[in-house]
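The values are calculated or read from the model by the stated rules, or taken from the named source; none is laboratory data. Worth saying up front: this structure is predicted, and the values here are computed from it rather than measured. Methodologically, a virtual Cβ is constructed for each residue, glycine included, from the backbone with ideal geometry; neighbour enumeration extends over all protein chains shown.
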Amino acid sequence: MLGRLYCISDYMKDSTILKYVKNIASSSEEREVENWIMSSKENMKEFNRLKAMHIASSFEATTNTTNVDKAYTKYDKSISRHLNRRKRVFSVVLKCAAVITILLGVKLIYTKVLNTPDIERLNIEGAITLELDNGDIKIISEDGTIEVVDVKGNIIGKQQGTKLRYQSTSVSEKLVYNTLTVPYGKRFNIVLSDGTEVMLNSGTSIKYPEQFIKGKNRNVFLMGEAFFKVAKDKNHPFIVQSGDLDIRVLGTQFNVSSYPEDVITNTVLVEGEVSVYDNKIAYEPTEAVLLAPGQMVSWDKESRGIEVEEADISLYTAWTKGKIIFRHMPFKNILKKLERHYNVTITNTNTSLANELFTASFDIETIEEVFMSFDKNHNIDYTINDNQIIIN
Amino acid sequence: MNNKVNNISSDSFILLLEKGESIAYETLFRLYYDKLVHISIGYLGCYDDAEEIVQNLFLKLWEDKKKLKPISNINSYLYTMVKYACLDFIKHEKIKMNFVNSSLEKKLSIQHQFIKDEAASLLLENELENKILEGIDLLPEKCRKVFLKSRFEGLKHHEIAKLLDVSKRTVDNHISNALKHMRLHLKEFLTLFL
């Protein structure tokens with residue numbers, strides 16, 4: 001009898017260890033496994049053996065999710081950059097030639113975009129759009145290219161693929177705003193005129209000046225979720241305004257999630273230093289909450305409360321690599337994330353499920369596969385009709 | 001398992017790396033990248049950091065090409081590089097997270113001791129080699145022929161087309177296929193240069 005019990009508890013231990021190794025254990029399970037590992041040399045050895053076997057037997061998983069072509073292109077570029085240091089003079093000439101050709105190419109396509117009739121403008125549902133200061137709306141197609149011109153007709157921004165890059169031109173004195181909107185199911189990148197990179201998640205809208213003005217703060221307005229790599233400029237603080245919350249930065253990397261339907265605005269700091277504060281109160285460095293790398297600050301829009309905690313950065317920035325990770329997340333929040341990511345509508349009539357916590361991660365799976373895996377692990381009764389999903 | 005080690009290690013391959021032959025780097029990269037990323041994920045638990053570490057590792061391999069001579073086993077060399085890069089990363093992470101709660105520190109300590117575990121290292125290094133050897137599946141023969149002629153005999157595409165009596169377009173396709181899959185047997189690769 002004793003012996004049997006021992007076996008069962010041993011088996012349970014093994015499966016929790018496996019969960020831990022696979023990075024899918026709940027935090028209480030994590031603590032349990034960690035304590036078990038630390039409690040004796042034998043346990044540690046056994047853990048190492050299991051973990052090594054797991055890694056050794058799962059190479060395919062990474063092979064399937066890794067884009068070696070893309071990685072190699074990146075590597076090749078780094079090497080050429082290295083080589084090019086020696087041939088600088090030559091390469092400058094080449095670069096100029098390349099820029100001219102690209103500009104010409106863009107110009108042609110741009111004229112075409114401008115000439116398309118208004119019908120297309122009406123059908124912007126589901127498309128990435130760029131709203132200019134004068135109210136004009138341009139549709140951005142991910143395999144196309146457009147350019148943004150200022151009042152004098154100078155080119156100040158160019159889009160290629162999923163990136164829109166602004167460049168700093170002549171000194172401007174008036175702030176001219178553009179608004180970029182990314183629908184559900186899509187993502188997009190912008191490089192602002194100061195060199196700041198912004199990755200926009202699905203269902204996000206950002207308003208920013210075409211050109212920042214010397215001597216003034218760099219202000220942008222965000223609704224939704226974005227990852228910022230702010231270009232260093234000590235004299236011009238970069239401020240992300242999100243509802244009543246301001247996030248103030250000098251030069252750093254961080255993620256902001258502030259969807260209108262979420263009560264909480266999250267800011268996760270990856271590198272550098274940011275401070276956050278209620279913008280209904282004037283900025284006071286001593287009053288603002290200062291964030292250290294690896295920390296997350298949550299702002300409750302309703303109670304106006306600010307809370308700082310340690311956070312797993314990779315969890316909050318996974319979307320920038322096309323992954324979605326849920327860790328102990330209520331089912332209702334998961335559904336919202338899935339709706340954004342896959343551009344689907346999900347109706348949940350099973351209220352008892354809404355607040356249940358789940359842990360999972362997806363990247364290349366289709367929405368059907370996502371639900372299949374939920375069903376497999378948690379027995380969920382659902383039906384999928386095109387973009388409509390109903391859970392009973 | 002031991003005689004397989006000899007398959008992968010080779011002076012002539014190192015020589016190519018030393019000379020900065022881009023094809024040697026590309027071969028190595030395409031063979032090893034995802035596998036090293038996998039090990040690195042196992043060590044660190046994070047995909048992005050893992051990819052960055054492996055990119056840097058290959059960059060370092062290229063930058064340090066003049067110092068590669070003493071390497072006798074490229075598989076073991078690459079594995080060791082990943083291992084130490086991950087150890088460094090965790091050390092750095094520990095310092096960065098100095099102020100953080102003890103549970104994170106515990107996690108990092110466990111990761112740290114795992115990377116240093118010799119039995120685990122041995123298993124992973126051997127399995128890495130097995131995977132590479134498996135991965136060096138042979139290309140369809142015609143594809144391989146074209147590829148070898150182009151890359152190693154230095155023939156122009158139209159010359160190969162003439163030689164093998166196929167169109168230049170076919171040659172282009174074969175080469176891009178070969179490059180894409182790069183399932184070229186390293187041994188074969190090496191004998192071409194001896």
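Hey, could you check segment A:193-241 for residues that are small (Gly, Ala, Ser) and without any contact (Cβ under 8 Å) to a residue 40 or more places away in the chain and say which is farthest from residue A:337 (Cα to Cα)? Walk me through how you get there before you give the answer.
Filtering segment A:193-241 down to residues small (Gly, Ala, Ser) leaves A:193, A:195, A:202-203, A:205, A:215, A:224, A:226, A:231.
Filter again for without any contact (Cβ under 8 Å) to a residue 40 or more places away in the chain, leaving A:193, A:195, A:205, A:215, A:226, A:231.
Values: A:193: 30, A:195: 29, A:205: 16, A:215: 39, A:226: 14, A:231: 29 Å.
Looking at residues that are small (Gly, Ala, Ser) and without any contact (Cβ under 8 Å) to a residue 40 or more places away in the chain, I get A:215.
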Whether any residue in segment B:77-100 is within 14 Å of chain A (Cβ to nearest Cβ), at pLDDT below 90, at negative phi and in contact with a strand residue (DSSP E or B) (Cβ under 7 Å, 6 or more places away or on another chain) is what I want to check.
yes
Answer yes if at least one residue in segment A:319-341 is part of a helix (DSSP H, G or I), within 21 Å of residue A:64 (Cα to Cα), in contact with a strand residue (DSSP E or B) (Cβ under 6 Å, 6 or more places away or on another chain) and hydroxyl-bearing (Ser, Thr, Tyr), and no otherwise.
yes
Expected output for segment A:262-273 (first residue closer than 16 Å to residue A:246 by Cβ, partner part of a loop (DSSP other than H, G, I, E, B) and not β-branched (Val, Ile, Thr), Cβ below 6 Å, 6+ apart or cross-chain) is A:269/A:293
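Can you confirm whether segment A:290-312 contains a residue that is touching a Lys or Arg at 6+ places or on another chain (Cβ under 8 Å) and touching a residue at least 24 places away in the same chain (Cβ under 8 Å)?
The answer is yes; a qualifying residue exists.
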For residue A:359, are the conditions met, namely being in a helix (DSSP H, G or I) and either at pLDDT 85 or above or under 17 Å from residue B:45 (Cα atoms) (or both)?
no
Does at least one position in segment A:360-371 carry a residue that is more than 25 Å from residue A:184 (Cβ to Cβ) and not aliphatic (A, V, I, L, M)?
no
Under 7 Å by Cβ, and 6 or more places apart or on different chains, what pairs join a residue from segment A:321-345 that is under 19 Å from residue A:385 (Cβ atoms) with one that is assigned to a helix (DSSP H, G or I) and among the aromatic types (Phe, Trp, Tyr)?
none
May I ask you to verify whether residue B:50 is part of a helix (DSSP H, G or I), farther than 18 Å from residue A:314 by Cα, modelled with pLDDT of 90 or more and facing another protein chain (nearest Cβ under 10 Å)?
no
Within segment A:297-309, residues surrounded by 15 or more Cβ atoms within 10 Å (Cβ to Cβ) and either in contact with a helix residue (DSSP H, G or I) (Cβ under 7 Å, 6 or more places away or on another chain) or among the basic types (Lys, Arg) (or both) come out as A:301
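Do you know which of the residues in segment A:237-289 that are in a loop (DSSP other than H, G, I, E, B) and of a type in the set (Ser, Thr, Tyr) is surrounded by the fewest Cβ atoms within 10 Å (Cβ to Cβ)? Spell out the reasoning first.
At the first step, the residues of segment A:237-289 found to be in a loop (DSSP other than H, G, I, E, B) are A:237, A:243-244, A:250-252, A:259-263, A:272-273, A:279-288.
Those left that are additionally of a type in the set (Ser, Thr, Tyr): A:252, A:259, A:283, A:286.
On the way: A:252: 19, A:259: 19, A:283: 15, A:286: 5.
Filtering segment A:237-289 for residues that are in a loop (DSSP other than H, G, I, E, B) and of a type in the set (Ser, Thr, Tyr), the one surrounded by the fewest Cβ atoms within 10 Å (Cβ to Cβ) comes out as A:286.
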Test set (1) over 24 Å from residue A:157 (Cβ atoms); (2) not in a strand (DSSP E or B) - residue A:309 fails condition number:
(2)
When residues of segment B:5-47 are filtered for being modelled with pLDDT under 85 and over 23 Å from residue A:315 (Cα atoms), how many remain?
26
Write out, first by first residue and then by second, each pair whose Cβ atoms fall under 7 Å of each other, whose residues are 6+ apart or on separate chains, and whose first residue, in segment A:14-41, is farther than 21 Å from residue A:362 by Cα and at the interface with another protein chain (Cβ under 10 Å from one of its Cβ atoms) while the second is of a type in the set (A, V, I, L, M) and surrounded by 14 or more Cβ atoms within 10 Å (Cβ to Cβ).
A:33/A:17; A:33/A:25; A:34/B:110; A:37/A:44; A:37/B:110
Could you pull out every one of the strands (runs of 3 or more DSSP E) wholly within segment A:134-233 that has 2 or more residues that are of a type outside the set (Val, Ile, Thr) and farther than 25 Å from residue A:245 by Cβ?
A:155-160, A:163-166
Just checking, how many residues over segment B:19-46 are more than 7 Å from every other protein chain (Cβ to nearest Cβ) and over 23 Å from residue A:82 (Cβ atoms)?
2
Any idea which residue in segment A:231-274 is modelled with the highest pLDDT, counting only those that are small (Gly, Ala, Ser) and closer than 23 Å to residue A:214 by Cβ?
A:231
